[in-house]
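Derivation of every value follows stated rules applied to the coordinates shown; laboratory data play no part. Treat the numbers as computed from the prediction; the structure is a model and nothing was measured. All Cβ positions, glycine included, derive from the backbone under ideal geometry; neighbour counts span all protein chains shown.
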Amino acid sequence: MARPAAGQQLRPGPGPPLRLLLLLGVLLLRGGAAAAAAGAEPCQAPRQWEGRTVFYEHGSGRNTRAAVSYDGPNQRLRILEERKALIPCKKFFEYILLYKDAVMFQIEQVTKLCSKIALTEPWDPYDIPANSTYEDQYYIGGPGDEVMVQEWSDRKPARKLESWVGVYTVKDCYPVQETYTKNYSVTTSTRFFDIHPGIADPSVFTPPSTCQTAQLTRMREEC
């Protein structure tokens with residue numbers, strides 16, 4: 001439709017002018033979205049998926065890109081660091097975390113040397129806890145190429161600041177970003193992308209044979 005010339009009025013039809021109807025429609029849509037967000041409940045994130053992540057440690061300024069397999073029901077996580085560039089004296093590892101067994105395997109990707117390390121942290125699923133606080137709802141991207149997401153946190157009225165913020169898609173509840181803070185500073189943030197549901201090959205959670213004679217100390221990332 002051609003844009004009306006300056007000063008030209010849109011032709012009114014029967015009833016209210018078209019401009020007024022359009023304005024009311026926009027207001028109703030926005031009001032409905034706001035009302036829906038106000039009564040938002042945490043969505044149920046997929047319990048098994050594979051995708052890619054970028055894990056950023058704010059203290060060191062280090063970004064780690066990885067392919068990830070996530071198995072919520074069995075509390076398993078496999079992280080395969082990605083080689084994006086040739087970095088001198090940099091080792092790349094595969095990590096298999098088995099939380100029900102409280103053990104993590106660290107496998108050097110070239111030599112397959114393996115370390116077996118006790119897991120001391122509890123299982124922390126990629127989801128929105130039921131007692132989370134709704135923070136916001138917005139679009140990522142722009143017109144014609146956008147995804148609606150919701151932002152949740154563990155903030156409570158008695159504590160103004162949060163220690164966890166999670167951003168998840170509204171449609172299928174896929175993780176987009178998770179951020180952790182401690183002592184008023186951001187410690188880590190993880191971005192998620194290229195996610196698809198299910199696990200193509202469950203054997204990725206099985207440590208290689210070299211882990212039968214694993215050492216008990218963590219390997220260094222540098223030469």
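A crude spin-label estimate for the pair residue 112 and residue 139, with each label 7 Å from Cα along the Cβ direction, gives 5.1 nm.
Relative contact order of the stretch 124-223, taken over Cα pairs closer than 8 Å and 6 or more residues apart, is 14 percent.
Comparing Cα centroids, the stretch 181-200 and the stretch 82-150 end up 6 angstrom apart. A simple rule links phi to the HN-Hα coupling: the Karplus curve 6.51 cos²θ - 1.76 cosθ + 1.60 with θ = phi - 60°, which for the stretch 197-212 gives x, x, 10, 5, 9, x, 5, 5, 8, 9, x, x, 4, 5, 6, 5 Hz, with x for Gly and Pro.
Going by the alpha-carbon gyration tensor, a ≥ b ≥ c the square roots of its eigenvalues, is the stretch 82-214 rounded (a/c under 1.5) or, if a/c is not under 1.5, prolate (a/b greater than b/c) versus oblate? Note, shape of the stretch 82-214 comes out prolate. Taking 26 Å as the limit for the C-alpha separation, the pairs 116/156; 90/112; 91/182; 100/171; 84/171 exceed it in the case of 116/156; 91/182; 100/171; 84/171. Overall, the anisotropy analysis places the stretch 153-223 in the oblate class: the square-rooted eigenvalues a ≥ b ≥ c of its C-alpha gyration tensor yield a/c not less than 1.5, with a/b not exceeding b/c. Going by the alpha-carbon gyration tensor, a ≥ b ≥ c the square roots of its eigenvalues, is the stretch 114-163 rounded (a/c under 1.5) or, if a/c is not under 1.5, prolate (a/b greater than b/c) versus oblate? Cα axes put the stretch 114-163 in the oblate bin. What the Cα convex hull of the stretch 137-178 gives, in volume per residue, is 76 Å³. Dipole check for the stretch 39-168: with +1 at the C-beta of Lys and Arg, -1 at the C-beta of Asp and Glu, and the Cα centre as origin, the magnitude is about 640 Debye.
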